[in-house]
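Q: Pasting in a structure now, in structure tokens, and then I'll have a few things to ask.
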Amino acid sequence: MIPFLIRSFTGVQARWQGCEPVARQRIYFGNHVSNLDGPVIWAALPDHMRNTTRPVAARDYWTAGPLRRTVSTSVLKAVLIERKHITAENNPLRDMEAAIDAGSSLIIFPEGKRQGDEDAGLNPFKPGLWHLARRRPDVELIPVHLANLNRMLPRGEFLFVPLMATVTFGAPLPAPADGEDKAAFLERARQVVIDLGSDP
């Protein structure tokens, strides 16, 4: 019911380019333009994939109030992570790795914060994707590009603007190559997401 409501609310269209919607353990990584990003990607997945896929989301935002808390924990089953005052005990990678080891796929946003403007380009990727790719090399890395979500619910606004959202799933990103350093891998991953947004 909830996925249907999200799809109806956003009019989201899923495009599969270079990968198929199959039940395989994956890390979906995409551009971050709206607080709707995680739920929209999750809702765009077929039922047989959605049931084992968990968005990674900011704990402080998604536990602020009973509605967000219920949606994030009971509906999305999100992996809620700290984004402030990170310590060894609350390192977000621990919870993400635990979810992967339990058999889940993840939806993550390596920019770490929302873009100010979808047309301005992606922020540099933070190193979490690099660490996950190296520590869990058997999990497919699937780039995702979201379009129009920031125009539907602009930052700081409460009125929803009806538009058609698009979620484009790209070909699997090869894991870090021998000798490829962190910065090079993250830039390669970032460029793949940018390129997905440029495809007609």
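The values are calculated or read from the model by the stated rules, or taken from the named source; none is laboratory data. Nothing here was measured: the structure is a model prediction, and the numbers come from that model. Reconstructed Cβ throughout: ideal geometry from the backbone, glycine too, with neighbour counts over all protein chains shown. We work out accessible area using only protein heavy atoms, side chains counted, and drop any ligands, DNA or RNA first. Shrake-Rupley method; radii C 1.70, N 1.55, O 1.52, S 1.80 Å.
Q: Name the residues in the range 1-52 that are small (Gly, Ala, Ser) and either on the phi > 0 side of the Ramachandran plot or in contact with an Asp or Glu (Cβ under 6 Å, 6 or more places away or on another chain) (or both), would you?
A: Gly11, Gly18, listed by residue number.
Q: Give the residue that is modelled with the highest pLDDT, with candidates limited to residues of the range 72-99 that are farther than 17 Å from Asn51 by Cα and among the β-branched types (Val, Ile, Thr).
A: Among those that are farther than 17 Å from Asn51 by Cα and among the β-branched types (Val, Ile, Thr), it is Ile81.
Q: Wholly within the range 36-152, which helices (runs of 4 or more DSSP H) include no fewer than the required count, namely at least 3 residues that are within 16 Å of the chain's Cα centre (by Cα)? Can you show your working first?
A: Working: elements: 37-44, 47-50, 59-62, 66-70, 92-101, 128-135, 149-152.
In the range 36-152, the matching helices (runs of 4 or more DSSP H) lie at 37-44, 59-62, 92-101, 128-135.
Q: Kindly list, by first and then second residue, each pair from a residue in the range 1-24 that is closer than 23 Å to Leu196 by Cα to a residue that is open to solvent by 80 Å² or more (accessible area, probe 1.4 Å), limited to pairs with Cβ atoms under 7 Å and residues at least 6 apart or on different chains.
A: Listed by first residue and then by second, the contacts come to Gly11/Met164; Gln13/Met164; Ala23/His48.
Q: Moving to a separate point now. Could you list, in sequence order, the residues of the range 163-177 that are open to solvent by 70 Å² or more (accessible area, probe 1.4 Å) and either under 14 Å from Leu129 (Cα atoms) or small (Gly, Ala, Ser) (or both)?
A: Pro174 - this is the single residue of the range 163-177 that is open to solvent by 70 Å² or more (accessible area, probe 1.4 Å) and either under 14 Å from Leu129 (Cα atoms) or small (Gly, Ala, Ser) (or both).
Q: When you go through (1) open to solvent by 20 Å² or more (accessible area, probe 1.4 Å); (2) of a type outside the set (Ser, Thr, Tyr); (3) at pLDDT below 95 one by one for Ala102, which number turns out not to apply?
A: The number of the failed condition is (3).
Q: Mind checking which residues of the range 29-69 are of a type in the set (A, V, I, L, M) and farther than 19 Å from Val139 by Cα?
A: Result: Val33, Leu36, Val40, Ala43, Ala44, Ala57, Ala58, Ala64, Leu67.
Q: Is it true that Ile6 is under 22 Å from Ala147 (Cβ atoms) and either crowded, with 22+ Cβ neighbours inside 10 Å or of a type in the set (Gly, Ala, Ser) (or both)?
A: Spelling it out, it is not the case that Ile6 is under 22 Å from Ala147 (Cβ atoms) and either crowded, with 22+ Cβ neighbours inside 10 Å or of a type in the set (Gly, Ala, Ser) (or both).
Q: Here is a list of conditions, (1) under 22 Å from Arg188 (Cβ atoms); (2) in contact with a strand residue (DSSP E or B) (Cβ under 7 Å, 6 or more places away or on another chain); (3) surrounded by fewer than 19 Cβ atoms within 10 Å (Cβ to Cβ); (4) among the acidic types (Asp, Glu), and Asp138 meets all of them except one; can you say which number that is?
A: With respect to (1) under 22 Å from Arg188 (Cβ atoms); (2) in contact with a strand residue (DSSP E or B) (Cβ under 7 Å, 6 or more places away or on another chain); (3) surrounded by fewer than 19 Cβ atoms within 10 Å (Cβ to Cβ); (4) among the acidic types (Asp, Glu), Asp138 is out only on (2).
Q: So for the range 178-196 (the condition being farther than 17 Å from Arg26 by Cα, open to solvent by less than 70 Å² (accessible area, probe 1.4 Å), modelled with pLDDT under 90 and not in a strand (DSSP E or B)), does at least one residue qualify?
A: no
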